[in-house]
Each structure stands twice: as structure tokens, then as C-alpha cells.
Amino acid sequence: MAGQLIDGAALARSIREQLTQTLAAAAATGAARPGLAVLLVGDDAASQVYVRNKVKACAEVGVASTLLRLPAQTSQDELLARVHELNQDPTVHGILVQLPLPPGLDESRIMAAIDPAKDVDGFHAVNAGALLLGQPGFWPCTPHGCMRMLDTVPGMQSLRGKHAVVVGRSHIVGKPVALMLLARDATVTVCHSGTPDLAAHTRTADVLVAAVGRAGLITAGMVKPGAVVLDVGINRDSQGKLCGDVAASVAQVAAYLSPVPGGVGPMTIALLLHNTVESARRHALA
Ligand code: GUN
């Protein structure tokens, strides 16, 4: 029997609709519109698509977005100066530097320069530390989207007694999602490229998160029957079609599966909007 798809596109739509209503109500009281500044350095093709989608989503819900396109030759100092300007700009509540950055730019130094109170990506060490310690801060959007998708699956609100396996250990997805699962009382295993016998781990997962970026990495034989599988991969197959890390055959084994496209991708954008609106709210209170 085929498992049920977790419709990230529909869930993202409902989050965006809710944000639209919140912003319309706030605007009626004279509140300023939340502002998001997006910095895109260089001409990475995938990044251009992601950024276009983020800017479009902002307009739909009533967030004012500014896209700053900078050439690939932009120096570290120039980029840092732009970030500092945005940190000081009271109309900007969220700053997003699209990754990856071109060679020669130090990602960690750029992330460290963003005001943590405007770090709607949740990549700054202050926000990463807040997640680790269970303190308030901004959660990274993709893993947060995974958790919201998990919320829609019956019995997955508490993960006590459940085994969650994360494949991938990136700062953007693997590590933060592992912490979020742990905060929900799951027993968490993090696997990566150096893990021997990956299938032995994945086969014991009640919740499996695949976040490696390798098409077809997770096959049906690697999944426990009845598992919940969240596919965070964004890859192109040999025909150039968008696909995740999870093979199509997994749908025959898993009870719930997030599709690619239409799963985690739209949720990332919805949670970015959520963080931007939340940042504007916190700045208004400050
Ligand atoms: N590149 C891939 N995913 C992301 C993301 O969520 N935020 C940023 N800034 N860059 C990315």
C-alpha cells in the first residue's frame, strides 16, 4: 500500500494565508510593513531561482522585500559593509544572504556580521546557540519546515519513544533538525558520509530525514515499514527533473512521505516569511 504524501505546498499556503491576514490586521492599525533584505552575490543558477521565489512570496503576503544583487567579484569588505548598512536600517527586519557565496568570500564571517535580531535564516551563532540551549531565537527555515510537516502526521507531536535518524550533518539542515527532534524527546541518530552501513541505521528509524543532496540515496530497502520520511534533498535526475534524496519506491514502504517538489521546499519559504514577520513584531516591541 502506498504511503500518504505530506503536502508541504498546501501547508505552506495555509501559513502564508495566515501571515497575510496578520499583516493586513497590523496594517489597519498603522503598523509598518515588515521588511526583508535579500543579498544575492554572483550568478549561481539555483540561487537565482530560490531568491526569485522568496521575493515573490514576500509580495504575496505583504512583506516589503529588497533584492540586492552583487557581482561575483564583490570583496569581503564590500559585502560586510552592505550587511552593516542593513543592520542599521530600521525598515529592514530580516537580512538573508543567499548561500552558497562565490569562492573567496568567507561565509562564516558574513553570517557573523548579521545582527542576530535580523537573522531570519537562523544561521548566526547566537541563534544556533539559542536552538541548542532551547532559548528563544530564530530557527533555521528548512528544519523548522520539517517539524511543521511532522506536526501534521498523527502521533508525531511528541516523539518520546521514537527513533529519528537524520542523514546529513549540514549547519543548514542536518544539525539543527537533529536538535529540534531531540527537543521533542526523540532518540536521535545523525548519519553522514562517513557512516558505515547507513542502511542498518535508517532501517530502525520511525522518523527518517534525508538531507544529503544525492538523488536516490534512500531506497525502499533502507526504510522501516510504516516510517515517516522527510525528503530534504533538492537534486536533478539524469533527465534534469527535480528530485529529492529518496527513491520513488520508498512510497510503497513509508506510512508518510514528503514529496520533492511540493514538500519541504515551499515550507522553507513559508517559515522565512514567518521569521520576518516575527522579527518585525519583536522590533516594534523593542
Ligand atoms: N541556500 C540554500 N538554502 C538556503 C537557505 O535556507 N538560506 C540561505 N540564505 N541560503 C540558502
Restricting attention to helices (runs of 4 or more DSSP H) lying wholly within segment 1-97, give those where 2 or more residues are touching a helix residue (DSSP H, G or I) at 6+ places or on another chain (Cβ under 9 Å) and open to solvent by 40 Å² or more (accessible area, probe 1.4 Å).
-> 8-28, 45-61
Could you tell me whether any residue of segment 262-269 is within 16 Å of the ligand (Cβ to nearest atom), within 24 Å of Pro154 (Cα to Cα) and touching an Asp or Glu at 6+ places or on another chain (Cβ under 8 Å)?
-> yes
For Ala248, all conditions in the list (1) open to solvent by less than 40 Å² (accessible area, probe 1.4 Å); (2) without any contact (Cβ under 8 Å) to a residue 60 or more places away in the chain; (3) of a type in the set (A, V, I, L, M) hold save one; what is the number of the exception?
-> (1)
Looking at this structure, is Val120 farther than 30 Å from Gln4 by Cα, under 14 Å from the mean Cα position of the chain (by Cα), buried (at least 19 other Cβ atoms within 10 Å of the Cβ) and within 15 Å of the ligand (Cβ to nearest atom)?
-> yes
If you scan segment 254-281, which residues turn out to be open to solvent by less than 10 Å² (accessible area, probe 1.4 Å), part of a loop (DSSP other than H, G, I, E, B) and of a type in the set (A, V, I, L, M)?
-> Ala254
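Filtering segment 76-106 down to residues that are over 23 Å from Asn275 (Cβ atoms) and free of Cβ contacts under 8 Å to residues at least 12 places away in the same chain, which residue is nearest to the ligand (Cβ to nearest atom)?
Going residue by residue through segment 76-106, those that are over 23 Å from Asn275 (Cβ atoms) are 76-78, 81, 102-106.
From what's left, free of Cβ contacts under 8 Å to residues at least 12 places away in the same chain: 77-78, 81, 103.
Working: Asp77: 20, Glu78: 18, Ala81: 19, Pro103: 16 Å.
Of everything passing the filter in segment 76-106, Pro103 is nearest to the ligand (Cβ to nearest atom).
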Within segment 59-69, the residues that are touching a residue at least 24 places away in the same chain (Cβ under 8 Å) and either away from the ligand (no atom under 14 Å from the Cβ) or out of contact with any strand residue (DSSP E or B) (no Cβ under 6 Å at 6 or more places or on another chain) (or both) are Glu60, Val61, Gly62, Val63, Ala64, Thr66, Arg69
Which residue pairs have Cβ atoms closer than 7 Å, lie 6 or more positions apart in sequence or on different chains, and pair a first residue in segment 139-166 that is under 15 Å from Asp231 (Cβ atoms) with a second residue that is within 16 Å of the ligand (Cβ to nearest atom) and assigned to a loop (DSSP other than H, G, I, E, B)?
-> Thr142/Ile172; Thr142/Val173; Thr142/Val232; Pro143/Val173; Cys146/Val232; Val166/Ala211
Are there any pairs with C-beta distances below 6 angstrom linking a residue in segment 31-54 that is modelled with pLDDT of 95 or more to a residue that is open to solvent by 50 Å² or more (accessible area, probe 1.4 Å) and away from the ligand (no atom under 11 Å from the Cβ), with the two at least 6 apart or on different chains, and if so which?
-> Gly35/Thr91; Ala37/Thr66; Val38/Leu67; Leu40/Arg69
Is it the case that segment 43-58 has a residue that's in contact with a Lys or Arg (Cβ under 7 Å, 6 or more places away or on another chain) and charged (D, E, K, R)?
-> no
In segment 123-144, how many are part of a helix (DSSP H, G or I) and within 11 Å of the ligand (Cβ to nearest atom)?
-> 4
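Given the criterion at pLDDT below 95 and of a type outside the set (A, V, I, L, M, F, W, C), identify the matching residue among Ser193, Ser170. Reasoning before the result, please.
Numbers: Ser170 fails: at pLDDT below 95.
After ruling out the rest, the residue left standing is Ser193.
The values are calculated or read from the model by the stated rules, or taken from the named source; none is laboratory data. In this text, all values refer to a predicted model and were calculated from it rather than measured experimentally. Because the Cβ atoms are built from the backbone with ideal geometry, glycine has one as well, and the counts that use them run over all protein chains shown. Heavy atoms of the whole protein, side chains included, go into the accessibility calculation; ligands, DNA and RNA do not. Shrake-Rupley method; radii C 1.70, N 1.55, O 1.52, S 1.80 Å.
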